[in-house]
Amino acid sequence: MLNYIFRRLLICIPTLFFIAFVIFMLLELAPSDPMAQMPLTIPPEVKEKMRIALGLGEPWYVRFPLWLNQFFIVEPQYWIDNTFGTNFADGKQRIISFQSRSPVFDVIAQRLPQTLWVVGMSYVVGVLIALPIGIISAYRQYSVFDQVGTFVSMIGFSVPPFFSGVLLIVIFSVQLGWLPSIYDTTLLVRDWATFKQQLMQMVMPVMVLALQTTATVSRYMRASMLDNLSQDYVRTARAKGMTESVVVLKHVLRNSMIPVVTVIALGIPSIFGGAIITEQIFKVNGLGQLLILALQGSDIPMVMTITFLLAVLIVLMNLIADVLYSILDPRIRYE
């Protein structure tokens, strides 16, 4: 297993370098200019000096290796210095945002907790709801519960977040007045009242994102359970006198989770993509809103860093899913 993980990590290195190059070239070829947001009263020669100060005067084959050095070497050194009090990165140039003129990773670190609160909670809620729905729908195929679960899943697949989010705001904020329509990122949880306020403002964005997760995972769970319920080993287990709960929960569920693990693992990066729209709707001051603002302002270092971090997350989740295979199914060995 350790040899397999080591080999996969070695394969991930050129994969991530290729992804970084593709992202960089796409941004390089995009018809955008960081100076386009500047006032028209600024003379052209001043704008040119500002472009040079931002590092845009160098060709792409100079800026791309510089970004790689900053991302993989300089930024980890700053993290080590802040953690252990060392001086490995003393005086080295970090990745700087064009808009805020602050280190990109510092801005991301400020926004990340808000995104993790909403995205993390929605994904946990979505998976916890989806798994029992998929299991019961498969065990009671074509029942009323199965039909209702299928209907809800179709809604989750069909309704985009920008529609369901606005619909929830109209119903629960405008019409009923039960929930706040804007997420207050400055709220600090100090007592029960602020904790309740935090939960209230998280309900709608979590519901929007959890609906998509529930729809996807429950359908895969149902299909996998139906496939395993018809296998010979299930009839053998029942013939040996095992109780139905042991057959379903111990044998069928464990084998059915193998393909579902992939869906759950690879769904983590995709839920961050859905959060981009959801954060805009509910004004969550997280990574999604930060990415939109960076795109609007042609903040290439910020866009490059956030998109590449999502790519790293996808590669990492692939590796984790492969490792979990061998835990769920002892027959799978990576030698």
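Read the figures in this text as sums done on the coordinates, not as results from a lab. If you're wondering where the values come from, they're calculated on a predicted model, not measured in any experiment. For neighbour counting, all protein chains shown are included, and Cβ atoms are generated from backbone atoms with ideal geometry for every residue, glycine included.
Between T86 and W192, what FRET efficiency comes out of the Förster formula 1/(1 + (r/R0)^6) with R0 = 41 Å and r the beta carbon distance, rounded to 0.05?
With a Förster radius of 41 Å, E is 0.50.
What percent does the relative contact order of the range 228-335 come to when contacts are Cα pairs within less than 8 Å and at least six residues apart?
Across the range 228-335, relative contact order equals 28 percent.
With a point put 7 Å past each Cα toward its Cβ, work out how far Y4 is from E28 in nm, to one decimal.
Here the modelled spin labels are 3.8 nm apart.
Can you give me the Cα centroid spacing of the range 198-242 and the range 103-156 in angstrom?
Between the Cα centres of the range 198-242 and the range 103-156 lies a distance of 11 Å.
When only C-alpha pairs under 8 Å and at least 6 residues apart count, what is the relative contact order of the chain, in percent?
25 percent
Got a sec? Charge dipole of the chain, +1 on Cβ for Lys and Arg, -1 for Asp and Glu; which of S158, W79, L293 is way out at the positive end?
S158
In degrees between 0 and 90, to the nearest 10, how far off the longest principal axis of the chain does helix 75-84 point, with axes built from Cα atoms?
80 degrees
Kindly put I108, I264 in sequence by how many other C-beta atoms sit within 10 Å of each C-beta, fewest to most.
By the 10 Å Cβ count, ascending, the order reads I108, I264.
Taking the highest mean first, how do the peptides 127-134, 140-147, 187-194 order by number of other beta carbon atoms within 10 angstrom per residue?
127-134, 140-147, 187-194
Mean-square fluctuation check for the chain, GNM, Cα pairs under 10 Å: which of A89, A275, A311 is largest?
A89
Let's see if you can work this out: charge +1 on each Lys and Arg Cβ, -1 on each Asp and Glu Cβ, no other charges. What is the dipole magnitude of the range 156-273 about its Cα centre, in debye to the nearest 20?
Taking the Cα centre of the range 156-273 as origin, the dipole is about 420 debye.
Multiply the residue gap between F18 and I327 by 0.36 nm, knock off their C-alpha separation, and tell me the result in nm, one decimal place.
Contour length minus Cα-Cα distance gives 108.2 nm.
If you line up the long axis of helix 2-29 against the longest principal axis of the chain, both from Cα atoms, how many degrees apart are they, to the nearest 10?
So the inclination is approximately 50 degrees.
What is the order of M121, M225, M202, fewest Cβ neighbours within 10 Å to most?
Ranked by crowding around the Cβ, least crowded first: M121, M202, M225.
Between Q296 and L319, how many nm apart are label points set 7 Å from Cα along the C-beta direction?
So the label points at Q296 and L319 sit 3.6 nm apart.
Arranged by the count of other C-beta atoms within 10 angstrom, fewest first, what order do E279, E28, E58 take?
By the 10 Å Cβ count, ascending: E58, E28, E279.
Kindly state, to the nearest 0.05, the FRET efficiency for T243 paired with V124, given R0 = 35 Å and r defined as their beta-carbon distance.
Working from the Cβ atoms, E equals 0.70.
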